[in-house]
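Below is one structure, written out as structure tokens, with a few remarks after it.
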Amino acid sequence: MRSVLLIDDDPMSRELFTLLLEAEGYTVHSSISGDAALHQLQTAPWQPDAILTDLQMPGLTGSALAAALRRQCPQAVLLGMSATQPAGGTPSGFHAFLLKPFDGGQFTLALNGCAQALQPQATSQDLDESVAAALAASMTSSQLSQLYALCIRDARKRAAAMQQSIASADDAAFRSEAHAIKGGASMLGARTVAALARQLEEQGINQDASRRMDEIMAAVTRLEGILLLRFPAK
């Protein structure tokens, strides 16, 4: 993956990130806004392997921009960036989030992690295909996509609450949120997320809790990447 579309309304940021990414060997195309990027993609003779966009710009941005970009570039890895950490982790529709400032090496790590998660072999590990098939037989593709998106949003929200429980040493609340994540993930066949949530519920807050929280958030991100590839945003 060597071609990147960079979207940022700040000229200095565009210049800086272009230099950083080109130093890593990427070919960088840039755009000043989400709307301009969509117009650019309609006429460009190239398709980006990855799209890196700021999340706080005038005009189309955030999840709405992610959906529009995915319609035009369904195979591209979509990375959001901002100087402010979004509540709940990676915004809906994006494969990963990068907190400014970051360097070219950090971008490459995030991109490679997303690309690995999107490989077909990751599906059997993170998503139970028999459960997915049963759900697919009982509802439309759009309904199933919405159901999975709800699960991912809920898991991120509850994981954020678990992080707060660690900070306040509230073991009961920590276990309760882990139990809820386990239930939702199990129902939808999200194997890895469910297994990690089960361990967190059983173990409660211990010295390993923060590391395990990183693992469950990474599993949620991998699952979202798989589902975004299978059910592109409409």
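Taking region 67-98 as the region of interest, how many residues are under 13 Å from the mean Cα position of the chain (by Cα) and either within 24 Å of Leu19 (Cα to Cα) or without any contact (Cβ under 8 Å) to a residue 40 or more places away in the chain (or both)?
Selection size over region 67-98: 13.
Could you look through region 145-201, keep only residues that are in contact (Cβ under 8 Å) with a residue 12 or more places away in the chain, closer than 23 Å to Pro86 by Cα and of a type in the set (Ser, Thr, Tyr), and pick out the one that is surrounded by the fewest Cβ atoms within 10 Å (Cβ to Cβ)?
So the residue we want is Ser145.
Are any residues in region 1-26 assigned to a helix (DSSP H, G or I), crowded, with 19+ Cβ neighbours inside 10 Å and without any contact (Cβ under 8 Å) to a residue 60 or more places away in the chain, and if so, which ones?
Phe17
Can you name the helices (runs of 4 or more DSSP H) wholly within region 164-231 that have at least 2 residues being under 23 Å from the mean Cα position of the chain (by Cα) and closer than 21 Å to Cys114 by Cα?
191-203, 209-230
If you go through region 57-71 one residue at a time, do you hit one that is surrounded by fewer than 17 Cβ atoms within 10 Å (Cβ to Cβ) and of a type in the set (A, V, I, L, M, F, W, C)?
yes
Starting from residues that are within 20 Å of Gln146 (Cα to Cα) and out of contact with any Lys or Arg (no Cβ under 8 Å at 6 or more places or on another chain), keep the ones in region 88-110 and report whichever is surrounded by the most Cβ atoms within 10 Å (Cβ to Cβ).
Taking the candidates together, the pick is Phe94.
Can you find even one residue in region 38-61 that is over 23 Å from Ala83 (Cβ atoms), in contact (Cβ under 8 Å) with a residue 40 or more places away in the chain and among the acidic types (Asp, Glu)?
yes
Among the residues that make up region 27-36, is at least one of them outside any helix (DSSP H, G or I), more than 19 Å from Asp10 (Cβ to Cβ) and either in contact (Cβ under 8 Å) with a residue 24 or more places away in the chain or not assigned by TED's automatic domain parsing to the domain that holds Thr108 (or both)?
Yes, some residue in region 27-36 is outside any helix (DSSP H, G or I), more than 19 Å from Asp10 (Cβ to Cβ) and either in contact (Cβ under 8 Å) with a residue 24 or more places away in the chain or not assigned by TED's automatic domain parsing to the domain that holds Thr108 (or both).
The values are calculated or read from the model by the stated rules, or taken from the named source; none is laboratory data. Since we're looking at a predicted model, the values are computed, not measured. A quick note on method: Cβ atoms are made from the backbone with ideal geometry, for glycine too, and the neighbour counts reach across all protein chains shown.
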